[in-house]
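Undergrad: Here it is, the structure in full.
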Amino acid sequence: MNRQPAIFVSHGSPTLPLERGEAVDFLRQLGRSLGRPEAILAVSAHWDTARPAVSSVEEPETIYDFYGFPEELYRLRYPAPGAPGMAKRAASLLADAGMQPQVDPQRGLDHGAWTSLMLMYPQADIPVTQLSIQSRLGPAHHVRLGAALRPLREEGVLIFASGGATHNLRELRHQRGNPVPQPWVVEFNEWLAHALKSRRTDDLIAYREKAPHAVRNHPTDEHLIPLFVALGAGDPGGATQRLHSSIESGVISMDAYRFD
């Protein structure tokens, strides 16, 4: 099998596939640079459940879990096939780790998954399914969850975690269109990058206490939670690469990372 990494991308606005800019250009080339995986396990900040759930649907629907956007966005579809066999394998790995997963026969792809994948793999011909997060259980739980899924990488599965390196929509309303990154965003963003590249897992798990301006950048945990899944799925002591760094509207980091 073609061994795959675990990656984390910041997915930004639902309008990402309609936009231009550094982050869009990065995502368009990311799929080419990664090559073609056997399947994709997408971990999105937008599917949050009490315990881990993985979708076994054969034809995932494109979920429009947003409102008030241009009509053009609602006409987009990402008709990738599902990956029910891989979903069952993921559920088995999680069960072996004592995480009591459930298999959802209906869940499609929310915008945390399909908007980035549409840019990375526009042919929509790679089997993909989603795994939920449990934001109330915090970062440490998700590092363990990622570690349980690590064997999938040896089986050609790309673990694709999608959220936001920063995510404060209230601040975004005040800063929208501002090209100047705010200092409190830059400081947090760089702390995160250094901690990830140094694999300071304990500091990262305690980021709300350790990182500068953590709560201002993440009033709630859910958009950073997928990052911890990717971190856990990386090899112990393995390399971390910062694949991309840019900040939109002053406050939304579009940073991306690769874990080998």
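Undergrad: Relative to the present Cα-Cα distance, how much length would full extension add between residue 178 and residue 97 at 0.36 nm per residue of separation?
TA: This chain segment gains 24.7 nm when fully extended.
Undergrad: In the stretch 125-160, which residues have a backbone nitrogen under 20 Å from the label point lying 7 Å from residue 77's Cα in the Cα-to-Cβ direction?
TA: Within reach of a label on residue 77: 125-130.
Undergrad: Could you work out how far apart the two model spin labels at residue 154 and residue 51 are, taking each label as a point 7 Å from the Cα in the direction of the beta carbon, and quote it in nm?
TA: Between residue 154 and residue 51, the simple spin-label model gives 2.7 nm.
Undergrad: Report the calculated FRET efficiency for residue 187 and residue 66 (r = Cβ-Cβ distance, R0 = 30 Å), to the nearest 0.05.
TA: It comes to 0.55.
Undergrad: Hey, could you get me the Stokes-Einstein D for the stretch 177-237, Kirkwood radius over alpha-carbon pairs, 37 °C and 0.692 mPa s, rounded to whole µm² s⁻¹?
TA: It comes out at roughly 265 µm²/s.
Undergrad: So if we plug the beta-carbon distance of residue 19 and residue 216 into 1/(1 + (r/R0)^6) with R0 = 30 Å, what FRET efficiency do we get, rounded to 0.05?
TA: That pair, residue 19 with residue 216, gives E of 0.75.
Undergrad: Under 5 Å between amide hydrogens, which residues at least 5 positions from residue 43 or on another chain qualify, with H placed 1.01 Å from N in the peptide plane?
TA: Long-range HN contacts for residue 43: 131, 160, 161, 162.
Undergrad: Quick check: pseudo-label points 7 Å beyond the Cα along Cα→Cβ at residue 197 and residue 169, how many nm apart are they?
TA: 3.3
Undergrad: Can you show me the helix-derived [θ] at 222 nm for the chain, built from DSSP H runs with n ≥ 4 at -39,500 (n - 2.57) apiece and divided by the number of residues, rounded to the nearest 500.
TA: For the chain, the value works out to -10500 deg cm²/dmol.
Undergrad: What's the Cα-based Rg to Rh of the chain, Rh via Kirkwood?
TA: Working: Rg = 16.9 Å, Rh = 18.1 Å.
With Rh from the inverse mean 1/r over Cα pairs, Rg/Rh is 0.93.
Undergrad: Taking only protein heavy atoms into account and a 1.4 Å probe, give the accessible area per residue of the stretch 141-260 in Å².
TA: With all protein chains present, the stretch 141-260 gives 39 Å² per residue.
Undergrad: What is the stretch 108-147 by shape, rounded, prolate or oblate, if you read a ≥ b ≥ c off the alpha carbon gyration tensor as root eigenvalues and call it rounded for a/c under 1.5, prolate for a/b larger than b/c, and oblate otherwise?
TA: It is prolate, given that a/c is not under 1.5 and a/b is the larger ratio.
Undergrad: Let me ask another. Quick one: if you stick a label point 7 Å off each Cα along the C-beta vector at residue 59 and residue 36, how many nm between them?
TA: 2.3
Undergrad: Now a separate question. Express the carbon and sulfur contribution to the solvent-accessible surface of the chain as a percent, rounded to the nearest whole number, probe 1.4 angstrom.
TA: Of all accessible area on the chain, carbon and sulfur atoms account for 48 percent.
Undergrad: What relative contact order, as a whole-number percentage, does the stretch 177-260 give when Cα pairs under 8 Å and 6 or more residues apart are counted?
TA: Relative contact order comes out at 37 percent.
Undergrad: For the chain, what's the relative contact order in percent, using C-alpha pairs closer than 8 Å and at least 6 residues apart?
TA: 31
Undergrad: May I pose another question? Need the C-alpha centroid separation for the stretch 102-139 versus the stretch 162-226, integer Å.
TA: Answer, in whole Å: 22.
The values are calculated or read from the model by the stated rules, or taken from the named source; none is laboratory data. These figures come from a predicted structure and were not determined experimentally. Don't worry about glycine lacking a Cβ; one is built from the backbone with ideal geometry, like all the others, and counts go over all protein chains shown. For the accessible areas, the whole protein counts, side chains as well, though only heavy atoms, and no ligand, DNA or RNA atoms are used. Shrake-Rupley method; radii C 1.70, N 1.55, O 1.52, S 1.80 Å.
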